[in-house]
Amino acid sequence: MRAHGLTSLSPAPAAAREASPAAGLARAALHEFYAAAPADGPAVTGALLALARMAAPDSPILWVRHAFVDRETGALYPPGVAELGLDPGRLTLVRARDIPSALQAGLEGARCAALGAAVIELWGEAKALDLTASRRLALAARTSGTLVLMARVAANPQPSAAETRWRIEAAPSRALEANAPGDPSFSFTLLRHRGGLAPGEWRLEWSRDHARFADRVPDASPARTGPALPGAVVPFSADRPDPPGAAAPVRRAG
Amino acid sequence: MALADARACLPALRVGETDPQADADLLQACATLCEMFTPLVALDGADGVLLDVTGCAHLFGGEEGLRMQARRTLARLGLHTRAVVADTPDAARALARHGAAKVVPPGETAAFVAGLPLAALDLGADTHLALGRAGFRAVGELAERPSQALTARFGAGLATKLARLMGREDIRLTPLRDPPACMAERHFPEPLGAMDSLMAVLERLGREVGAILERRGEGGRLFEASFFRTDGAVRRIVVETAQPLRDAPGLLRLVRLKIDALADPLDPGFGFDALRLAVRRAEPFDQSQADLEGKPDPDGDVAALVDRLVARFGRAQVLRFAARDSHDPLRAAALEPAAAPAAPWPEPDPGQPPSRPVTLFDPPQAIEALAEVPDGPPLRFRWRRVLHDVARAEGPERIAPEWWRVGARPPATRDYYRVENGQGRRFWVFREGFHGEGEGRPRWFLHGLFA
């Protein structure tokens with residue numbers, strides 16, 4: 001491990017970190033986060049917002065977004081960012097037209113020591129992000145001491161110069177009263193660690209109020225898929241004729 | 001003369017359609033090109049350009065030298081020009097259009113103007129005719145008359161015009177573009193084409209401008225580098241900074257980034273004649289002091305980073321979020337250029353899961369949903385051809401449109417639900433309107449995605 005080694009910045013809670021120090025995210029390095037499926041893009045965005053919040057409690061953050069991510073998963077929504085505990089006023093957003101310009105902007109950010117973190121979100125396979133490009137990012141991060149987080153959605157893990165490589169998947173949240181969705185939950189899988197630590201998997205819940213990830217015990221209460229009480233249900237499609245029998249009250253949708 | 005008559009006189013006559021717009025464009029291009037002589041350039045009618053060359057002539061070998069160089073420059077565009085240097089804009093204009101003078105020595109305007117015909121007054125055909133009937137032939141004859149009598153007969157306009165023509169009264173030009181706060185320039189004896197040499201010149205200009213700004217205690221916010229090409233084309237590279245700047249290497253880095261990002265590259269062609277660096281906007285420069293540990297101010301570093309990104313990607317792509325006081329989800333936030341100051345954001349409710357999604361679609365995306373009547377959450381919905389079974393849901397959060405903003409037909413009230421599917425993906429969906437209201441069934445939309 002290098003001198004700067006591990007910091008308190010870690011997606012894994014203390015217990016998991018003791019079991020596997022690999023969970024620590026070194027500052028002054030590049031870390032990659034792959035979405036398990038394209039639909040997990042928002043989960044990756046949320047996880048990186050949370051990690052950036054932990055890494056930089058009050059310093060500015062550069063957020064570089066490939067324009068295609070906006071098109072596929074919607075634009076970054078500041079009230080939602082605030083709900084995750086990160087002050088949106090600290091974000092400088094760069095909307096990059098293509099992957100090379102996203103990498104260029106990310107590199108500028110990685111070189112800036114005053115940033116708390118630089119985040120790059122890319123969609124799809126990136127030819128421009130070869131070993132040279134990722135090595136350049138990693139070197140810039142090491143020189144300036146800035147944390148560089150790279151989100152990859154709809155891409156397969158590639159060899160790179162990243163310090164760690166993770167896969168993130170949305171995980172069912174712990175239900176609140178009346179079966180309301182709870183705090184954001186993620187499943188982190190460590191795919192690779194330069195320090196040679198063993199891969200592992202953590203199911204974590206982001207607690208905005210404490211600004212940290214909490215370990216998640218598997219949910220004991222199974223999710224209910226139907227309404228609590230049977231009631232009148234509208235047909236599924238608004239623009240197609242009702243299927244025969246659908247007009248009658250349906251007791252259960254599943 | 002009619003075209004048929006003209007053709008009868010000269011059978012080989014070439015005829016072309018008038019194109020006033022193209023003429024105006026050409027004149028504009030000439031004016032831009034003339035900015036290499038002085039920053040104060042104004043258009044004169046449809047076929048003239050006025051330059052205020054006060055204090056500029058010595059750079060071009062005197063007034064005659066400047067005049068010759070201006071004519072040579074415009075001759076490269078294929079234009080035949082008449083140029084006169086005189087004490088006042090009106091005198092120079094009248095002499096160029098109606099006289100034969102070249103350079104009028106200071107204080108001798110009256111003598112040169114005296115012989116001009118009445119048309120040089122440019123007061124309209126009626127006045128010229130009336131003056132002719134009164135027996136006047138030249139401007140000098142008018143000047144000898146008492147001005148009261150002329151004013152009584154022909155109006156105050158004549159007296160004023162006469163005073164300006166004779167150099168007794170001076171007016172300032174209204175330049176096409178505001179004069180810069182300060183500027184520095186170089187004219188090259190030979191056209192210069194090599195980018196490295198140009199950048200070296202630009203850095204020297206940057207240091208000169210920086211020294212001027214330092215004396216004034218200012219820094220530039222908006223810089224403009226003008227490249228005057230030998231063939232008359234002028235390229236301007238504009239660099240805007242988030243904070244006042246007067247450091248030449250920093251400025252040069254921004255200009256380089258901007259040049260690299262140009263859609264059509266800076267083509268040197270046969271080289272550039274002149275290079276000018278102008279500060280279009282200057283602001284007081286606060287001396288920032290490093291703290292006791294000698295660490296530089298992080299805000300300054302971030303501002304410099306923003307400048308580099310803006311130079312590379314443009315103002316519209318480097319943004320900051322600004323809070324807006326509105327309950328309408330689409331209006332609750334706005335994007336602003338990153339140089340703008342940040343406003344505080346409201347604190348989220350402690351102990352509650354996020355109530356707003358991390359990404360938002362604008363416009364919302366239509367979905368097909370199956371839901372309990374009247375206001376139950378969706379039980380399952382189809383978005384982008386994928387069917388999602390809802391495992392958890394919360395809602396509705398009823399958000400009414402801001403009726404004071406909308407027109408005659410207000411949009412329907414929306415009931416928002418936070419829902420989670422079996423895989424743990426979280427969505428923000430809404431139903432537009434109520435069941436049993438209006439025609440058909442209320443429609444469902446997906447508005448955002450939660451982390």
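The values are calculated or read from the model by the stated rules, or taken from the named source; none is laboratory data. Computed from a prediction, not measured in an experiment: that's the story for all the values here. So basically every Cβ, Gly included, is an ideal-geometry build from the backbone, and we count neighbours across all protein chains shown. All accessible areas refer to the heavy atoms of the entire protein, side chains included, with ligands and DNA or RNA removed. Shrake-Rupley method; radii C 1.70, N 1.55, O 1.52, S 1.80 Å.
Restricting attention to region A:138-149, does a residue exist that is out of contact with any helix residue (DSSP H, G or I) (no Cβ under 9 Å at 6 or more places or on another chain) and open to solvent by less than 20 Å² (accessible area, probe 1.4 Å)? Within region A:138-149, not a single residue is out of contact with any helix residue (DSSP H, G or I) (no Cβ under 9 Å at 6 or more places or on another chain) and open to solvent by less than 20 Å² (accessible area, probe 1.4 Å). Going by the conditions given, is residue B:87 in contact with a Gly (Cβ under 6 Å, 6 or more places away or on another chain) and of a type in the set (Asp, Glu)? Taking the combined requirement at face value, the residue satisfies it. All conditions in (1) within 14 Å of chain B (Cβ to nearest Cβ); (2) out of contact with any Pro (no Cβ under 8 Å at 6 or more places or on another chain); (3) among the aliphatic types (A, V, I, L, M) hold for residue A:154, with the sole exception of (2).
Restricting to region B:144-158, and then to whatever is assigned to a helix (DSSP H, G or I) and open to solvent by less than 30 Å² (accessible area, probe 1.4 Å), can you tell me which residue is nearest to residue B:88 (Cα to Cα)? Spell out how you get there, then give the answer.
Initial filter on region B:144-158 (assigned to a helix (DSSP H, G or I)): B:144, B:147-154, B:156-158.
Of the ones still in play, those that are also open to solvent by less than 30 Å² (accessible area, probe 1.4 Å) are B:150, B:158.
Numbers: B:150: 22, B:158: 16 Å.
So the residue we want is B:158.
Select from region B:235-261 the residues that are crowded, with 18+ Cβ neighbours inside 10 Å and β-branched (Val, Ile, Thr) and write down the one among them that is farthest from residue B:35 (Cα to Cα). In this case the residue turns out to be B:241.
Conditions (1) within 30 Å of residue B:376 (Cβ to Cβ); (2) under 19 Å from the mean Cα position of the chain (by Cα), marked per residue:
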| residue | (1), (2) |
| --- | --- |
| A:122 | no, yes |
| A:133 | no, no |
| A:162 | no, yes |
| A:165 | no, yes |
| A:172 | yes, yes |
| A:180 | yes, no |
| A:186 | yes, yes |
| A:189 | no, yes |
| A:199 | no, yes |
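Out of all the residues in region B:196-224, which are open to solvent by less than 60 Å² (accessible area, probe 1.4 Å), over 18 Å from residue B:284 (Cα atoms) and assigned to a helix (DSSP H, G or I)? Steps first, answer last, please.
Restricting attention to region B:196-224, the residues satisfying the condition of being open to solvent by less than 60 Å² (accessible area, probe 1.4 Å) are B:197-203, B:205-206, B:209-213, B:217-224.
Next, from what is left, pick out any that are over 18 Å from residue B:284 (Cα atoms): B:197-203, B:205, B:224.
Of everything in region B:196-224, those that are open to solvent by less than 60 Å² (accessible area, probe 1.4 Å), over 18 Å from residue B:284 (Cα atoms) and assigned to a helix (DSSP H, G or I) turn out to be B:197, B:198, B:199, B:200, B:201, B:202, B:203, B:205.
Selection within region B:262-286: residues that are closer than 30 Å to residue A:100 by Cα and of a type in the set (A, V, I, L, M, F, W, C). The member of this set that is surrounded by the most Cβ atoms within 10 Å (Cβ to Cβ) is B:266. Filter region B:102-121 down to residues that are in a loop (DSSP other than H, G, I, E, B) and closer than 21 Å to residue B:136 by Cβ and give me whichever is least open to solvent (accessible area, probe 1.4 Å). Only one residue fits best here, namely B:116.
Can you tell me how many residues in region B:339-392 are small (Gly, Ala, Ser) and within 7 Å of chain A (Cβ to nearest Cβ)? Before the answer, list the steps.
So in region B:339-392, the residues small (Gly, Ala, Ser) come out as B:339-340, B:342-343, B:351, B:355, B:366, B:369, B:371, B:376, B:391.
Subsequent filtering for residues that are within 7 Å of chain A (Cβ to nearest Cβ) retains B:342-343, B:351, B:355, B:371, B:376, B:391.
Residues meeting the conditions: 7.
Please indicate, with yes or no, whether at least one residue in region B:122-130 is open to solvent by less than 60 Å² (accessible area, probe 1.4 Å), hydroxyl-bearing (Ser, Thr, Tyr), over 30 Å from residue B:234 (Cβ atoms) and assigned to a helix (DSSP H, G or I). Please lay out each step first, then the result.
So in region B:122-130, the residues open to solvent by less than 60 Å² (accessible area, probe 1.4 Å) come out as B:123-124, B:127-128, B:130.
Remaining after also requiring hydroxyl-bearing (Ser, Thr, Tyr): B:127.
If we keep only those that are over 30 Å from residue B:234 (Cβ atoms) as well, we get B:127.
Checking the rest, the ones that are also assigned to a helix (DSSP H, G or I) come to B:127.
Yes.
When region B:20-64 is filtered for residues that are in contact with an Asp or Glu (Cβ under 8 Å, 6 or more places away or on another chain), aliphatic (A, V, I, L, M) and either exposed (fewer than 13 other Cβ atoms within 10 Å of the Cβ) or free of Cβ contacts under 8 Å to residues at least 12 places away in the same chain (or both), only B:46 remains.
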